[in-house]
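One structure below.
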Amino acid sequence: MSDTSRPNAGPTIQTIALAGNPNSGKTTLFNAFTKLRQKVGNYAGVTVEKKTGTLVLAGNRVVNVVDLPGTYSLAVRSPDERIAREVLTGRSGDTTRPDLVICVVDAGNLERNLYLVSQIQDLGLPMIIALNMMDEVQRQGKEIDVAQLSAVLGVPVIPMVANQNRGIEELKALIAQGVEATYTRRWRMAPDLEEQAQHIVRLLVEHEGFEESEAFSEAISILSVGRKIEKSDDPADRFFKEELIHQINAIQDRLRKMGLRARSAAVEARYAWIKQVLRDVVKDHRPDQQNITDRIDAFVTHKIFGWLFFGGIMGTMFFMIFTIATYPMDWIDAGFGWLSGIVADALPAGLLADLLVNGIIAGVGGVVIFLPQILILFFFIGLLQDTGYMARAAFIMDRVMSKVGLHGKSFIPLLSSCACAIPGIMAARTIESNKDRLVTILVAPMMSCSARLPVYIIMIAVLIPDATALQKSGIMILMYLLGTAGVGIMAFVFKRTLLKSQQPIFILELPPYRMPSLKTILLQMWERSRIFLKRAGTVILLMSIVLWFLMSFPRHQDLPPHEALKHSYAGSIGSTMEPVIKPLGYDWRIGIGLIGSFAAREVFVSTMSIVFNVSEEADAGILRDEFRQARWPDGRPLFTPLVCIGLMVFFVFAMQCISTIAVVYRETGGWLWPTFQLMYMTSLAYVAAFLVYQVGRMMGFS
């Protein structure tokens, strides 16, 4: 068998898998291949994102492309690694085994990247190495002998700069020609370990029908466990027959008696071989020059200056989200208002017009209006990730978050949740540990999102009618700090009770700084905004129609709108709720507002406008005055300062978002955790608002 792979007119390629380490440029290559011909979903039964697309080659030949999750190895320690291994071995039920693997390699960090290459080679699949970021290698004063690297590895190697489209056409031409797997393993363990590994290979081939190359990879995984396997152990082991498990465990016992370190042997052998490869193919012409990345990191990860830089970045992002975004938000609001007017004028007054205007258009508009904030947030996240700073931010935040048991990678989901909990919860997929990921999902909705702002603003207006900008900002900051404190406290509780686990070890590669690719960032913004609108908008639309029905029936056209509302299904529910919420200082009217806010928190304001018979076109000051004049039947004011503060506190902790519940259901794969989340957050919100109101009254406040 030859030691090299050569382009040829080999078997027709129908499916390509893109594999590689995180930050290797794999996503950039995927976007360059597929452009807008891509779909995003989840792998069956798990929350790992599945990205697929099509590549058009010469002669309009179409090839399927699967973008595997970024992973450092195939050791199956995280959902991402499990999915990558299952796809490459053909065990993924909804994804066919690829005919070709393109392993995207960061040329500036060959040692770490070639570890994954060696693991994929062991599976016996045809492979091409896309040696990406060659421009950075040149800037570092290094030189890679690409031809020698190809000869040593036994696979074709294409030098590339993916974000500049350099090497793309050469890679496509090689794919069109076809590549065969002609790889011979060159790394070796100790002779006794090699002998036992081959023994396991023979057992797998004989008892389970493995192909020899796949059997060897499986044998190495078994040896790397370093302990006896059981039927209930890792999913990769569950299909083994009892007799085979017994024989494999006997081999493990034999190795332990011989004093051989089977667990680390393969890792050490791979890296020893990789180091030899690098000595042959990489030349460093400036070995004494400090890398520019190290010089920048000395500042941005500094114990003091790093926090100042981080604060500046976050401050700029939030300034953009809460100021610049208001202009397109106003345009969207005006657009939906114009559309409502057109529909209202075109249709006769009645149920259909009411449904379209107050149900469908208002419901969809309530989601779309926040799209500018979501886009700005994802622009910053994409920019920070593409430049390499996001890893530094997670490193800085880990110093604080580890104190309450949160993983450093939880920083990105929690940051995203400040705009909307939906993309924040989706971003938790990058956390390897199931328990750490679940803790992050459970606490993320307590970060004050943009949907809470209308509630805060109207309550501040009622609480302090003539509040200055400084006072408003101060109260708003207190609400954000309260939500952040709630996240820390509940994460601490969960990590020591329900989801108890060891303190997470935070190991994160700090990639070199790079010039961001605007094309890649814009494409990610498009994908994420489309997913956001699809997942959130449809749920909001359905809930808005349901709420419209509850607030419109039974029909009482002879009564004023607010009286008709009291006798509607929603009014009946609010009246039924009143004994429960009265200890918080709330009456049935606020109860209806809380029901409406389940569609989205900001719906509380529009629902209360209907309750108090205030038109949506009216000035916000009119609703504020109606709130201040509202009374209990005995003449007591309804919206006292304690009630206003209590409502803001309630919305800090309450779930009150059906679309977030739906996303948690998707991410956790069932109703157990979203139900628990809804119950614990509602209980926490109730207790917090109860304490504000009752303790405040005991202290003599109104």
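Readers should treat all values here as calculations from the given coordinates under stated rules, not as data from a laboratory. Quantities reported herein were computed from a predicted structural model and do not represent experimental measurements. Here the Cβ positions follow ideal geometry from the backbone for every residue, glycine too, while neighbour counts run over all protein chains shown.
Packing-based ranking of 142-151, 632-641 yields 142-151, 632-641, ordered from highest to lowest mean Cβ neighbour count within 10 Å. Between the beta carbons of Thr326 and Val56, assuming R0 = 35 Å, the FRET efficiency works out to 0.25 to the nearest 0.05. Derived value for segment 71-123: Kirkwood hydrodynamic radius 11.7 Å. Basis is the mean of 1/r over every pair of different alpha-carbon atoms. Once the C-beta distance of Phe701 and Ala250 is scaled by a Förster radius of 60 Å, the resulting FRET efficiency is 0.20 to the nearest 0.05. Label-to-label distance for Phe299 and Glu170 is 3.5 nm, based on points extended 7 Å past Cα in the beta-carbon direction. Compute the long axis of helix 569-581 from its Cα atoms, compare it with the longest principal axis of the Cα atoms of the chain, and write down the angle in degrees, 0 to 90, nearest 10. Tilt relative to the chain: about 90 degrees.
With the gyration tensor restricted to C-alpha atoms of the chain, the semi-axes of the equivalent ellipsoid amount to 55, 27, 25 Å, longest first. When only Cα pairs below 8 angstrom with a gap of at least 6 residues are kept, the chain shows a relative contact order of 11 percent. Given their separation in residues at 0.36 nm each and the Cα-Cα distance between them, Leu559 and Trp673 gain 36.7 nm when the chain is fully extended. Using only alpha-carbon positions in segment 15-177, the gyration tensor eigenvalues give semi-axes of 24, 19, 15 Å once each is multiplied by 5 and square-rooted (largest first). A dipole drawn for the chain from +1 and -1 charges on Cβ atoms has a positive end, and of Tyr569, Gln164, Thr323 the residue lying farthest that way is Thr323.
Grab the Cα-Cα distance for Lys519 and Leu352, subtract it from 0.36 nm times how many residues apart they are, and report the gain in nm with one decimal. So the chain would gain 55.8 nm between Lys519 and Leu352.
Helix 326-346 and the longest principal axis of the C-alpha atoms of the chain enclose an angle of approximately 60°. Calculated [222 nm] ellipticity per residue, helices only, for the chain: -18000 deg cm²/dmol; basis is -39500 (n - 2.57) per DSSP H run with n ≥ 4, divided by all residues, nearest 500. Computed from label points 7 Å out along Cα-Cβ, the spacing between Ile573 and Phe549 is 1.1 nm. Largest first, the extents of the alpha carbon coordinates of segment 349-484 on the three principal axes equal 57, 38, 29 Å. Placing pseudo-labels 7 Å out from each Cα toward the beta carbon at Glu211 and Met314 gives an inter-label distance of 4.9 nm. The length gained by stretching the chain between Arg496 and Val343 to full extension, at 0.36 nm per residue less their Cα-Cα distance, is 49.6 nm.
Taking the Cα centre of each part, how many Å lie between segment 653-687 and segment 480-501? Measuring centre to centre over Cα atoms gives 15 Å. Against the chain, whose longest principal axis comes from its Cα atoms, helix 389-401 is set at around 70 degrees.
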